[in-house]
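The values are calculated or read from the model by the stated rules, or taken from the named source; none is laboratory data. Computed from a prediction, not measured in an experiment: that's the story for all the values here. FYI the Cβ positions are ideal-geometry reconstructions off the backbone, even for glycines, and counts take in every protein chain you see. Accessible surface is based on the protein model in full, side chains and every heavy atom, while ligands, DNA and RNA are left aside. Shrake-Rupley method; radii C 1.70, N 1.55, O 1.52, S 1.80 Å.
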Amino acid sequence: MASPDQIRASQLIPGHTPLRDAILNNRCDCVVLRALLDADIMCDKLQGSATSALAMNDRNGHLPLDHLMMGVQLGSSPNSLHTFKTYVEHMAYKRISLDSGYSPLVRLYTIASSSDMATNDAFHHQENIDGMLLSRRVLRATKILLERDPSMLLKHSLLTGCSPLHAALRNFGDCLPLITVLTSRPESKTLLAHRNRFGDLPIHVACSVGVPFEVLKLVVECTMAVAQPSNLETAFLTHPLLWSSNHSGYTPVDLEWVRHIEGGQGFFSPRAFYPLDPSGVRKHCFKQDDYYQTLLRDAVMSILGKNGESLTKSQVDRQGQVENMFGSLLDRICLLVTASACAIPTISS
């Protein structure tokens, strides 16, 4: 308190402040963290240096809050969540410039993801355990942030235009409790109709990454509820969001089929497809390209057979071939098509 400006002093490497070093020290407790945060506030009262230590990026572009979130994701210490909660409850995150385009929730979901775990078969069991623990920690951090400031759910990424729901589906789409929290709040209606810079709604992301069926069902139901009869002058035949295209011309149903093909489900494909490629919306394989339509036609014809060949097959054989070719894709597309085809009636007077 005698010299609070110390908290904003960097080492030779810009952004390496006492606050950052304390956060990276596993032995730093919440009492020390509060003292450092109080010192930063006192700097403003004493008209200290202009840049808050909370808003200083290190050489990797990470803010102190980023390091706290990485600690939560990695479970780097038994107190990582408690330290994170102390920082948030101090309202320290609000001292980051609102014009910086910084979204704490988006950063929480994108700094690391459940897919970053080791994929070696020898570590498969441990990978599943680590993935579940990571999701639980991220879920708890999400609740801490939203309990303190619900409006944070509406803060989007300035670079990609992705909302927290976009990012959560992309990197933690297998965590149903997390997606439930994000879609159950009053602000969620805005998120479900929000498009990122690539024209993707959350439903597009859910289909392109292949979230579990229960998560897909939840996103579909919530997306259906966005277009309420009270917001419409007339009825429509197909849902305007579930049947909409992104900037590459793909509907959610298209993305389900593309992901099925590119995942090696039933066909060999030499091509690579990245619906969320951050480089932009120019992809090398557009809907106008009949590549995927051709594969779909070939898939159907292979089941029907040639020259009445299907007539010689038993129902069981045909069903087995369909399941081998399409698998769970049939259930997922059926869900999307049925929901999209549900016309919303006009309001009765």
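Taken over segment 42-91, the criterion of being farther than 13 Å from Arg137 by Cα and of a type in the set (A, V, I, L, M, F, W, C) is satisfied by Met42, Cys43, Leu46, Ala50, Ala53, Leu54, Ala55, Met56, Leu63, Leu65, Val88, Met91. Within segment 86-110, the set of residues being modelled with pLDDT of 75 or more and outside any helix (DSSP H, G or I) comprises His90, Tyr102, Ser103. Scanning segment 174-219 for residues that are in a loop (DSSP other than H, G, I, E, B) and basic (Lys, Arg) gives Arg185, Arg195, Arg197. Taking the criterion of being among the polar types (S, T, N, Q), more than 15 Å from Arg20 (Cα to Cα) and either assigned to a helix (DSSP H, G or I) or open to solvent by less than 40 Å² (accessible area, probe 1.4 Å) (or both), the residues of segment 69-85 that qualify are Gln73, Ser77.
Mind checking whether some residue in segment 155-167 is open to solvent by 60 Å² or more (accessible area, probe 1.4 Å) and assigned to a helix (DSSP H, G or I)? Taking every residue of segment 155-167 in turn, none turns out to be open to solvent by 60 Å² or more (accessible area, probe 1.4 Å) and assigned to a helix (DSSP H, G or I). The C-beta contact set for segment 58-69 (first residue closer than 15 Å to Tyr109 by Cβ, second residue of a type in the set (Lys, Arg), distance under 7 angstrom, 6+ apart or interchain) comprises Asp66/Arg107; Met69/Arg107.
Residue-wise test of (1) farther than 27 Å from Thr86 by Cα; (2) among the basic types (Lys, Arg).
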{"site": "Val138", "(1), (2)": "no, no"}
{"site": "Leu146", "(1), (2)": "no, no"}
{"site": "Arg195", "(1), (2)": "yes, yes"}
{"site": "Ile203", "(1), (2)": "yes, no"}
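Figure legend. Inter-residue proximity from segment 186-207: first residues over 15 Å from Ser157 (Cβ atoms) and in contact (Cβ under 8 Å) with a residue 24 or more places away in the chain, second residues open to solvent by 10 Å² or more (accessible area, probe 1.4 Å) and part of a helix (DSSP H, G or I), beta-carbon distance below 6 Å, spacing 6+ or different chains. Indicated pairs: Glu187/Leu154; Lys189/Val226; Leu192/Cys222; Leu192/Val226; Ala193/Val226. Screening segment 12-37 for residues that are free of Cβ contacts under 8 Å to residues at least 40 places away in the same chain and assigned to a helix (DSSP H, G or I) and picking the one that is farthest from Asp58 (Cα to Cα) gives Val31. With respect to the conditions (1) under 26 Å from Leu336 (Cα atoms); (2) open to solvent by less than 50 Å² (accessible area, probe 1.4 Å), Pro186 falls short on a single one, namely (2). Here Phe172 clears all of (1) modelled with pLDDT of 95 or more; (2) open to solvent by less than 50 Å² (accessible area, probe 1.4 Å) except the condition numbered (1).
Quick check on my filter: what residues within segment 220-244 are in a loop (DSSP other than H, G, I, E, B), modelled with pLDDT under 55 and small (Gly, Ala, Ser)? Working first, answer last.
Filtering segment 220-244 for residues in a loop (DSSP other than H, G, I, E, B) gives 227-228, 232-235, 237-244.
From what's left, modelled with pLDDT under 55: 232-235.
Listed by number, the list holds a single entry, Ala235.
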